[in-house]
Amino acid sequence: MRYFSDQLPQKGTDGKIECIKSLGLAAAEGNMTAGVLNAAAALGLIGQEAARNGVNEAVLETALALKALGEKAVDMETLFSVRLIGISLKELGKEAVRQGMEKEAIKSQLCLKELHHCCIGSENEFKAFSEDFFSLIRDIGICAADAGLEKAAINAAALMEDF
């Protein structure tokens, strides 16, 4: 993590996010839950650090990588992995809001919504978790409203209406 935080502001991601995403997806294909969890945790931390450093592209790339990993975790039917990925997207969105990155906060909300859609057609425990997406998006929306990021707050309200 220290290496990524030192390198992000100067050099961007240089494929690091894509590499971790690929490792996480490969772990999901091999039904290796620990690898998925490690990739999700690493991506979440890197995305938050990228937001703190103002690296917009890395924040967007991380949100999309987490969404892709989440979709695979739903296919694996590992609820804990999906929860971790959802929370990582929420924390990424909140950090983006704190840094004034409205577009990135909205992207994290949209990735949560798409992950929610993947859970809808799954097993019963995923259906129960799908209700938690409302609170994940709401938390980003509250943070956005407090920070004065109107578009992100309105987007969260619109997404919550869909629930």
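The values are calculated or read from the model by the stated rules, or taken from the named source; none is laboratory data. Note that the structure is predicted; figures quoted are calculated from it, not measured. Cβ sites come from the backbone with ideal geometry, for glycine too, and all protein chains shown count toward neighbours. Calculation scope for accessible area: heavy atoms of the full protein, side chains included, ligands and nucleic acids excluded. Shrake-Rupley method; radii C 1.70, N 1.55, O 1.52, S 1.80 Å.
Starting from the Cα gyration tensor of the chain, take the square roots of the eigenvalues, sort them a ≥ b ≥ c, and report rounded, prolate or oblate (rounded when a/c is under 1.5, otherwise prolate if a/b is larger than b/c, else oblate).
Working: a/c = 2.37, a/b = 1.04, b/c = 2.29.
Because a/c hits 1.5 or more and a/b fails to exceed b/c, the chain counts as oblate.
When the chain is modelled as a GNM with alpha-carbon springs shorter than 10 Å, which of LYS94, LYS72, LYS151 fluctuates the most?
The residue that fluctuates most here is LYS151.
Which FRET efficiency, nearest 0.05, do MET32 and PHE134 yield, Cβ-Cβ r, R0 30 Å? Don't jump to the answer; show the numbers that get you there.
Values: r = 30 Å, r/R0 = 1.01.
Here the calculated transfer efficiency is 0.50.
Report, in debye and to the nearest 20, how large the dipole of the stretch 72-163 comes out about its Cα centre when Lys and Arg carry +1 and Asp and Glu carry -1 on their Cβ. Intermediate values should be presented prior to the final figure.
Values: 11 positive and 16 negative charges, 47 e Å.
The calculated dipole for the stretch 72-163 is roughly 220 debye.
Leaving ligands, DNA and RNA out of it, report the carbon-plus-sulfur percent of the accessible area of the chain at a 1.4 Å probe. Could you put the intermediate results ahead of the total?
Values: 3930 of 7660 Å².
The value for the chain is 51 percent carbon and sulfur by accessible area.
In nm, to one decimal, how far is the ASN56 label point from the ALA158 one, both placed 7 Å along Cα→Cβ?
Roughly 1.9 nm, to one decimal.
Treating the beta-carbon of each Lys and Arg as +1 and of each Asp and Glu as -1, no other charges, what is the dipole magnitude of the chain about its Cα centre, to the nearest 20 debye?
360 debye
Anything over 18 Å Cα to Cα? Flag those among LYS94/LYS151; LYS16/LYS107; LYS67/LYS103, in the order listed.
Values: LYS94/LYS151 14 Å; LYS16/LYS107 20 Å; LYS67/LYS103 16 Å.
Where the Cα-Cα span goes over 18 Å, the pairs concerned are LYS16/LYS107.
Taking H as built 1.01 Å from N, whose amide H comes closer than 5 Å to the amide H of ASN53, not counting residues under 5 places away?
none
So, for the chain, what is the accessible surface per residue at a probe of 1.4 Å, expressed in square angstrom?
Details: 7660 Å² over 163 residues.
Solvent-accessible surface per residue comes out at 47 Å².
Would you calculate a helix-derived [θ] at 222 nm for the chain, using -39,500 (n - 2.57) for each DSSP H run of n ≥ 4 and dividing by the full residue count, to the nearest 500?
Counting only the DSSP helices, I get -28500 deg cm²/dmol.
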